[in-house]
Structures are given as structure tokens and as C-alpha cells.
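Take a look at the structure set out below.
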Amino acid sequence: MHFLGHVVRFIVSALVLLVVGWLVPQFSVGGFWSALVLALVIALLGWAIEGIFGKKVTPFGRGIVGFLASALVIWLAQFVVSGVSVSVIGALLAALVIGIIDLFIPVSTPFEAGRDNGSR
């Protein structure tokens, strides 16, 4: 994925996080810049988890383990990004809403993007 593709991906992710903050109780994002940094932190944490534990134990994996990993990543990200407040229930609900949104607006993982570039 080219640089512009990454920029668009993070902007879309930030907008999704703003919508999730509006929809989900106990999940709040301070504004667009907090959402953009939150999207970056979530992507980095997800990438690290995927690198350590493999695809099945990541926020990008499907199933209950991927769902719980996604909620954990969202909950942990609040400690890194200022202006973000998430409870455990809020993280679970946000992971559910983000998973539903991802069905309609899929975003490739960093590893999938790397494999796509390598196959050309």
C-alpha cells in the first residue's frame, strides 16, 4: 500500500472511531486528532499482537478470540492517547460496532498489505 493509501486508511479509521464514540456509551473520543492518534495506536497494537501471537489472536482475526483481542486493544489504547475514555463494557461494545462497520468498509491489516506488495 502506498503512503496515500495509509493516510486515507487512518482518516477513515478516525472517522469510524468518531462515529463509534457517538454511538457507544462509555466510549468517548475527544475530537478528530485524538481519533486519528487512537486509530494509529490501535493499528500498532494490533500489528504487534498479530506479530507475536499470529493471525487468529488479533483484532483482525474473526471469532470470539479476535473480538476479545479487539476489545482489549481498544481498552489499552486509552492509556496511550489523551482525550479518550473507555470502560470495559465500552470497549466490548466498540469492538462489536467496529466489527460490524468493518463488514461494510473492510480495511486490510498491515501484514496483508505487505503480502499484497510482495506478490507484484
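The values are calculated or read from the model by the stated rules, or taken from the named source; none is laboratory data. On a predicted model such as this, the values are computed, not experimentally measured, just so you know. Here Cβ is always computed from backbone atoms with ideal geometry, including for glycine, and neighbour counts include all displayed protein chains. Note: areas computed on protein heavy atoms with side chains; ligands, DNA, RNA excluded. Shrake-Rupley method; radii C 1.70, N 1.55, O 1.52, S 1.80 Å.
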Query raised in the report: Within the stretch 11-27, is even one residue outside any helix (DSSP H, G or I), surrounded by fewer than 20 Cβ atoms within 10 Å (Cβ to Cβ) and not aromatic (F, W, Y)?
Result: yes
Requested in this report: Would you point out the residue of the stretch 61-72, among those that are in a loop (DSSP other than H, G, I, E, B) and open to solvent by 40 Å² or more (accessible area, probe 1.4 Å), that is modelled with the highest pLDDT?
Outcome: G63
Query raised in the report: Could you list, in sequence order, the residues of the stretch 73-110 that are in a helix (DSSP H, G or I), at pLDDT below 90, open to solvent by 70 Å² or more (accessible area, probe 1.4 Å) and closer than 17 Å to A43 by Cα?
Result: L96
Report summary line: Filtering the stretch 28-43 for residues that are part of a helix (DSSP H, G or I) and of a type in the set (S, T, Y) leaves a count of 1
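For residues in the stretch 37-48 being touching a Phe, Trp or Tyr at 6+ places or on another chain (Cβ under 9 Å) and surrounded by fewer than 20 Cβ atoms within 10 Å (Cβ to Cβ), which is modelled with the lowest pLDDT? Spell out how you get there, then give the answer.
Our first condition is that a residue be touching a Phe, Trp or Tyr at 6+ places or on another chain (Cβ under 9 Å); within the stretch 37-48, this holds for 39-40, 43, 46-47.
Remaining after also requiring surrounded by fewer than 20 Cβ atoms within 10 Å (Cβ to Cβ): 40, 47.
Details: L40: 90, W47: 82.
Only one residue fits best here, namely W47.
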**Report entry** Inter-residue pairs, beta-carbon under 6 Å, first closer than 12 Å to I74 by Cβ and in the stretch 18-34, second open to solvent by 70 Å² or more (accessible area, probe 1.4 Å), 6+ apart
**Finding:** Q26/I89
